[in-house]
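This report refers to the structure that appears directly beneath it.
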Amino acid sequence: MDEKQYLVDALSIDESWRVFRIMAEFVDAIEELSKIKHAVSIFGSARATPLDMYYQKTEQLARLLAREGFSVITGGGPGIMEAANKGASEEGGTSVGMNIHLPFEQTPNPYANVRIDYKYFFIRKVMFVKYAMAYVILPGGFGTMDELFEALTLIQTKRIKSFPVILMGSDYWSGLADWIKKTMLREGKISPGDIDLFQVIDEPENVVQHIRKYVIL
């Protein structure tokens, strides 16, 4: 066997074993998260500091959710994720951090009392939506937008059961919400009912109240 063929065969074997690594990561995540009940997935910027208004509101939101009997799931990193895990854990609730291995930004926060580490982004994304009873989206960047629109797409196409999707912070989200209504809807890119797939809400108390209208513990 020449060297080139050997390398091709070695790569093929490695690809095959990757399937088993993916399966193992799915199994580990499902075994851990199947114990988590009444979870709300919270997303937002990893760059928010404790002085940020939305960091503080997220911490308050997580405390209220824990008090109501909800678990909180985040990406396990700093910023908004840290605030959510902190609020839930300090209130005595279940605080899940699903950390992803990244070359920057993703240092696990110390407040998750249930921690799961992921290598594959797509597995973590499946777990966020599979075990969520609601999504709360705080101000964030590309990753936050990715989670938001994936959830809306899955609900819109009826691939998952509909659940509350809340954009928290009208100052940040009103421009996007207006563009969806005035451009996407007006040009026929979405249906009129799609506008109702998300709500823009400002205060933590109102977010919890909205979730409780749709979720019975």
Task: Filtered residue count, the range 84-126, keeping only those that are free of Cβ contacts under 8 Å to residues at least 40 places away in the same chain, hydroxyl-bearing (Ser, Thr, Tyr) and either in a helix (DSSP H, G or I) or surrounded by 20 or more Cβ atoms within 10 Å (Cβ to Cβ) (or both) - done: 3
Task: Of the criteria (1) hydrophobic (A, V, I, L, M, F, W, C); (2) touching a residue at least 24 places away in the same chain (Cβ under 8 Å); (3) exposed (fewer than 14 other Cβ atoms within 10 Å of the Cβ), which one residue 148 fails - done: (3)
Open item on the list: Looking at (1) at positive phi; (2) assigned to a helix (DSSP H, G or I); (3) not β-branched (Val, Ile, Thr), which one does residue 76 not meet, given that it meets all the others?
Closed with: (2)
- [ ] Quickly run through the range 198-213 and pick out the residues that are under 10 Å from residue 60 (Cβ atoms) and acidic (Asp, Glu).
- [x] 203, 205
Open item on the list: Only one of 155, 166 is in a strand (DSSP E or B), among the β-branched types (Val, Ile, Thr) and surrounded by 19 or more Cβ atoms within 10 Å (Cβ to Cβ). Can you tell me which?
Closed with: 166
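Please pick out the residue among 180, 195 that is in a helix (DSSP H, G or I), within 28 Å of residue 52 (Cα to Cα) and of a type in the set (Val, Ile, Thr).
Numbers: 195 fails: within 28 Å of residue 52 (Cα to Cα).
Step by step, each of 180, 195 is checked, and only 180 is in a helix (DSSP H, G or I), within 28 Å of residue 52 (Cα to Cα) and of a type in the set (Val, Ile, Thr).
Residues of the range 127-151 being aliphatic (A, V, I, L, M) and part of a loop (DSSP other than H, G, I, E, B), which ones?
Just the residues of the range 127-151 that are aliphatic (A, V, I, L, M), to begin with: 127, 129, 132-134, 136-138, 145, 148, 151.
Across the range 127-151, the qualifying residue is only 138.
Tell me whether the range 26-46 contains one or more residues that are β-branched (Val, Ile, Thr), in contact with a Gly (Cβ under 8 Å, 6 or more places away or on another chain) and modelled with pLDDT of 95 or more. Before you say what the answer is, go through the steps one by one.
As a first pass, look at the range 26-46 and keep what is β-branched (Val, Ile, Thr): 27, 30, 36, 40, 42.
With the extra rule that they be in contact with a Gly (Cβ under 8 Å, 6 or more places away or on another chain), the set shrinks to none.
No, because not a single residue in the range 26-46 is β-branched (Val, Ile, Thr), in contact with a Gly (Cβ under 8 Å, 6 or more places away or on another chain) and modelled with pLDDT of 95 or more.
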Task: Yes/no for residue 129 being modelled with pLDDT of 95 or more and either surrounded by fewer than 16 Cβ atoms within 10 Å (Cβ to Cβ) or among the aliphatic types (A, V, I, L, M) (or both) - done: yes
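The values are calculated or read from the model by the stated rules, or taken from the named source; none is laboratory data. For clarity, every value in this text was computed on a predicted model and none was experimentally measured. We place every Cβ from the backbone using ideal geometry, glycine too, and count neighbours over all the protein chains shown.
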